[in-house]
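Bear in mind that the values in this text are calculations on the coordinates, not laboratory data. Just so we're clear, the structure is a prediction, and the values are computed from it rather than from any experiment. Positions of Cβ are generated from backbone atoms using ideal geometry, with glycine treated the same way; all protein chains shown enter the neighbour counts.
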Amino acid sequence: MRTRTQKTQPSLGDSLTLPCGEALNNRIGKSALSEALGTAEGCVTENLVRLYKNWSNSGAGLIITGNVMIDRRALGEPGNVVLEDDRDLNMFKRWAKTGTAHGSHLWMQLNHPGKQAIRGLNRETVAPSAIGFRPKLAPYFATPRALKAAEIENIIERFGNTAARAKKTGFTGVQLHGAHGYLISQFLSPHHNRREDHWGGSPENRRHFVLAVYDEVRRRVGNDFPIGIKLNSADFQRGGFTEEESLDTIRALAEAGIDLIEISGGTYEEPVMQLGKPKDSTVAREAYFLDFAEKVRAEIETPLMVTGGFRSLDGMQSALNSNALDIIGLGRIFAIEPDAPTKLLRGEETVHKVKPLSTGIKYVDRFGSLEITWYTRQLHRMGRGKAPVPDEHALKSFLFDLRAKGFGIVKNRLRA
Ligand SMILES: Cc1cc2nc3c(=O)[nH]c(=O)nc-3n(C[C@H](O)[C@H](O)[C@H](O)COP(=O)(O)O)c2cc1C
């Protein structure tokens, strides 16, 4: 197992050396925000590159891209970028050059959605097992087909292939998306993974997939290149991935030599990654998953990033002081105040705060996608070279996005 190199109570401005030897300039990490700014063919657009001009100047030590798909046949949402071959490498190079222009690390988040792909977007939906969604989401997501063993091997290779291309085009690291109910997370979950072969059954078997993906990515990028993972502390779902299993998975990934573990939680069915869990101690400490991070830190030396809920300087510094984590993960603030880290690193609070959103219509709010649609709209505005509008009414963004996404799905269907 590789060991953490810095053990004293850090400040936000302190650098962090990762097990692979690379160093991050400070303790602020931008977590992945799916930009949905790719073309219908999954290519990088000028707007996507322009968006990263905002963030490369933000002062964050680490910038993690929104999820990039490893297989063109398996998109999670319209506008996903895909990296699987050489067709778009120059635009990926421009994206990487822009994102790293001011010394931040820029890691590409690699993802396969498995069953969490909007109905109709792909020709076919695949997952570890043919388990449909629970009734609330079943209208929006198809029941998947169970993957064949050879297809699983192919997906593992694809993770490695995309990682190698990320490195080749100038990204300075990769992060596996192992959280939020996508394919890696589905393999880990006893609810979604009912396989009886090498890839399912016991908790150890369900971990085979994530470990095989890690090994393949490491083989393709080498020992000096940062590999991270975003992992759920738990799925918060009946019969799902538990904290105990998450700890065991983290132990195994640490043993394998991973460089950074980002802790999150939840799935589309239980979106605690954005909404948090109603627990007093967590609310008092801002961040949703700090209690779990402490349990991890008690036995694992691999650098930890915790994302979800951080809002104030005090909340961030006390989390660092508690030594439960190494990197403060921030998501939505980057969509409304792209230079937030510069202020935080100067010891100033951000001007805006991430607040609960409501359209004023309960049915629409219950739809569950409001957080995504509202924040995505802010990203798109920045992509067009405009400033975000932090006080925009949630209903307006919901209606605009519904129109845009509906059209994206239709376009994709016609192509298939
Ligand atoms: C619009 C939007 C898109 C997101 N896309 C991703 C993604 O592609 N990958 C991912 O791991 N998390 C994604 N997230 C979750 C964030 O990375 C983060 O975990 C979450 O917003 C909680 O952090 P925060 O409270 O600082 O916003 C997304 C969140 C939002 C609002």
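The modelled label-to-label distance for the pair residue 355/residue 15, using points 7 Å beyond Cα in the direction of Cβ, is 4.0 nm.
Each residue of the range 312-326 was assigned a 3J(HN,Hα) from its phi angle through the Karplus curve 6.51 cos²θ - 1.76 cosθ + 1.60 (θ = phi - 60°); the sequence is 10, 4, 4, x, 6, 5, 5, 5, 5, 4, 6, 6, 7, 8, 10 Hz, with glycine and proline shown as x. The Cα atoms of the range 195-241 give a gyration tensor whose axes a ≥ b ≥ c have a/c of 1.5 or more with a/b no greater than b/c, which makes the shape oblate. Within the range 73-89, whose backbone N sits under 14 Å from a point 7 Å along Cα→Cβ of residue 43? Label zone hits: 81-89.
When exposed loop sites are taken as chymotrypsin sites (Phe, Trp or Tyr not before Pro) in a DSSP loop with at most 16 other Cβ atoms within 10 Å, the longest stretch of the chain clear of them is 141-366.
Segment residue 154..residue 365, full-extension length gain: 72.1 nm, with 0.36 nm per residue of separation and the alpha-carbon distance subtracted. Would you kindly state the longest site-free stretch of the chain, with sites defined as GluC sites (Glu not before Pro) in a DSSP loop (not H, G, I, E, B) surrounded by at most 16 other Cβ atoms within 10 Å? Excluding the exposed sites themselves, the longest stretch runs over 197-298. Taking 7 Å steps out from each Cα toward its Cβ at residue 93 and residue 22 produces label points 1.9 nm apart. Neighbour counting of Cβ atoms within 10 Å sorts the residues 56, 185, fewest neighbours leading, into 56, 185.
Remark: the Cα gyration tensor places the range 293-341 in the prolate category, a/c being 1.5 or greater and a/b exceeding b/c.
Each part gets one Cα centre, and for the range 224-275 versus the range 90-126 those centres are 19 Å apart.
With contacts taken as Cα pairs under 8 Å and at least 6 residues apart, the range 16-356 reaches a relative contact order of 16 percent. When only Cα pairs below 8 angstrom with a gap of at least 6 residues are kept, the range 169-263 shows a relative contact order of 32 percent.
The stretch between residue 251 and residue 224, if pulled fully straight at 0.36 nm per residue, gains 7.6 nm over its current Cα-Cα span. Taking 37 °C and 0.692 mPa s as conditions, the range 16-356 diffuses translationally at an estimated 166 µm²/s according to Stokes-Einstein applied to its Kirkwood radius (Cα pairs). Per-residue extension of 0.36 nm, minus the Cα-Cα distance of residue 323 and residue 348, leaves a gain of 6.8 nm for this segment. Between residue 196 and residue 312, the simple spin-label model (points 7 angstrom out along Cα→Cβ) gives 5.5 nm.
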